[in-house]
Amino acid sequence: MFILTIEGKEKEGAYSVEDDDGVQILYLFEEEDDAERYVMMMEDEDYPDMTIMEVEDDLIIKTCEYHGYNYTVITSDDIVIPPKTNHDII
């Protein structure tokens, strides 16, 4: 799986999106190509430069569950578009 981080701040946390209820959701991309497309869309919205990091599937899910982080797995069948606002680092 792949997560997004702010370039140069990889150790500070991963990119997340706030849902309609104000809950932060970590995006876990199954495919690197999908993460790359998402980053390209982010560039069009003046987000900071992002880095795509590969993470071990089981480890990232266990880490999220241990710390109580909400996450969603983005598959190749999903379409996600970066929000104009409501993004953060968790």
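The values are calculated or read from the model by the stated rules, or taken from the named source; none is laboratory data. Not measured: the values here are computed from a predicted model. Backbone-built Cβ (ideal geometry, glycine too); neighbour counts: all protein chains shown. Quick note on the areas: whole protein, heavy atoms, side chains included, nothing else; ligands and nucleic acids left out. Shrake-Rupley method; radii C 1.70, N 1.55, O 1.52, S 1.80 Å.
Yes/no matrix, rows are residues, columns are (1) over 13 Å from M1 (Cβ atoms); (2) open to solvent by 80 Å² or more (accessible area, probe 1.4 Å); (3) not β-branched (V, I, T):
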{"residue": "V23", "(1), (2), (3)": "yes, no, no"}
{"residue": "D46", "(1), (2), (3)": "yes, yes, yes"}
{"residue": "T51", "(1), (2), (3)": "yes, no, no"}
{"residue": "K62", "(1), (2), (3)": "no, yes, yes"}
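Taken as a whole, the condition of being farther than 19 Å from D77 by Cβ and either at pLDDT 95 or above or of a type in the set (F, W, Y) (or both) applies to Y15. In the condition set (1) open to solvent by 30 Å² or more (accessible area, probe 1.4 Å); (2) in contact with a Pro (Cβ under 8 Å, 6 or more places away or on another chain); (3) not β-branched (V, I, T), Y27 is compliant with all but (2). For the stretch 1-31, which residues satisfy the criterion of being in contact with an Asp or Glu (Cβ under 7 Å, 6 or more places away or on another chain) and among the charged types (D, E, K, R)? E7, E18 - these are the residues of the stretch 1-31 that are in contact with an Asp or Glu (Cβ under 7 Å, 6 or more places away or on another chain) and among the charged types (D, E, K, R).
Is it the case, given these coordinates, that Y15 is aromatic (F, W, Y), without any contact (Cβ under 8 Å) to a residue 60 or more places away in the chain and surrounded by 11 or more Cβ atoms within 10 Å (Cβ to Cβ)? No, not satisfied.
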